[in-house]
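Here's the structure, in structure tokens; my notes come after.
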Amino acid sequence: MTKFLLSVHVLAAIVAIGPVTVAASMFPPAARRAHAATAGDETDLGTVRLLHRICRIYAKLGLAVPLFGFATAAAMGVLGDGWLTASIALTAAAAGILVAFVLPRQEEVLDALGADNALERTDTVQLAMFTGAFNLLWATVTIIMIVRPGSTTGA
């Protein structure tokens, strides 16, 4: 059962968190392109809307990652281990940044683009900063999960 739970946990992380990290990273430059586009050209704005939709939908799907992570940790008997506690804290921080800063800022940028391109460069720069923090936290969690203390892989 542990191998099944671990497999679902890893697949959920790849399928759900991967698209959020990529789409969120692509959003600020796409928003700048949409802002610079000529009037009447909706292609770039459509791309920005799509990237935001991907982030919203896959963020919800990403809830499966900690759900299966807890189930896996319980099956492995490692719920009290320090590396897992650190991973849980970093995952919570990443989720908090996504929900409190990235997604709302993306909506603000979309609103600004819809309001006769009232977008400021600082809006996309700040969004890129929060997105980078979100991505860095996920990368750190991934590294901890791979190189965790007491790993059975011998790495």
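The values are calculated or read from the model by the stated rules, or taken from the named source; none is laboratory data. Note that this is a predicted model, so its numbers are computed, not measured. All Cβ positions, even for glycine, are placed from backbone atoms using ideal geometry, and neighbour counts span all protein chains on display. For the accessible areas, the whole protein counts, side chains as well, though only heavy atoms, and no ligand, DNA or RNA atoms are used. Shrake-Rupley method; radii C 1.70, N 1.55, O 1.52, S 1.80 Å.
Structure summary
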read-out: Segment V10-T47, extension gain: residue separation times 0.36 nm, minus the distance between their alpha carbons; value: 10.5 nm
read-out: Accessible area in square angstrom per residue, the stretch 1-80, 1.4 angstrom probe; value: 57
read-out: Carbon/sulfur fraction of accessible area - the stretch 1-97, other protein chains in place, 1.4 Å, %; value: 71
read-out: Net dipole in debye of the chain [+1 Lys, Arg Cβ; -1 Asp, Glu Cβ; about Cα centre; nearest 20]; value: 540
read-out: Answer label, with percent of Cα pairs over 21 Å apart calculated from the coordinates and candidates (i) 58; (ii) 49; (iii) 55; value: (ii)
read-out: For peptides 134-142, 118-126, sequence by mean Cβ density within 10 Å, most packed first; value: 134-142, 118-126
